[in-house]
Amino acid sequence: MEQRRKVMILDDNLADVMEAEEHLEEEDYEVVTLSSPNGALSKIDFEEPDILMLDIQMDRLNADDLIETVRNSPEYNELVLVIYTDMDAEKLQQYCIDNDINGYFCKSMESAQIAEFLDNFFEYE
């Protein structure tokens, strides 16, 4: 039996989190959420998610520092990092390239497609 993939959503917009969580759980993802950036690294260490969905526009979050720490830590080598925010797609694409981010999912996109989008990161395992 295949193990469920775990997604951590770091976002302070509870409506967006609940919508994403609902669609992910329907597709058999395990979802953990964090609505404050306080203790984010500790929570990541504790939960050991396969995917971190991160709203880089979240209040009080220094996204660049968090991303740099995650990308420079060997224990997070396998962590799929996805930006989950509302920004211009062109800016998001460049941000992902500049910061070694696996991908992005705009909140304005059809949230029912989120699980299918995340599945793509594990298609060829």
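Laboratory data are not the source of any read-out in this text; all were calculated from the coordinates shown. From a predicted model like this one, the values you see are computed outputs, not experimental measurements. Cβ: placed from backbone, ideal geometry, glycine included. Neighbour counts: every protein chain shown.
Among strands (runs of 3 or more DSSP E) lying entirely in the range 1-117, which contain 1 or more residues that are crowded, with 19+ Cβ neighbours inside 10 Å, β-branched (Val, Ile, Thr) and in contact (Cβ under 8 Å) with a residue 24 or more places away in the chain?
In the range 1-117, the matching strands (runs of 3 or more DSSP E) lie at 6-10, 30-34, 51-54, 80-85.
Quick check: is even one residue across the range 86-106 within 20 Å of Asp12 (Cα to Cα) and in contact with a Pro (Cβ under 7 Å, 6 or more places away or on another chain)? No, the conditions are met nowhere in the range 86-106. Report whether or not Leu61 is of a type in the set (A, V, I, L, M, F, W, C) and closer than 17 Å to Asn120 by Cα. In short, no.
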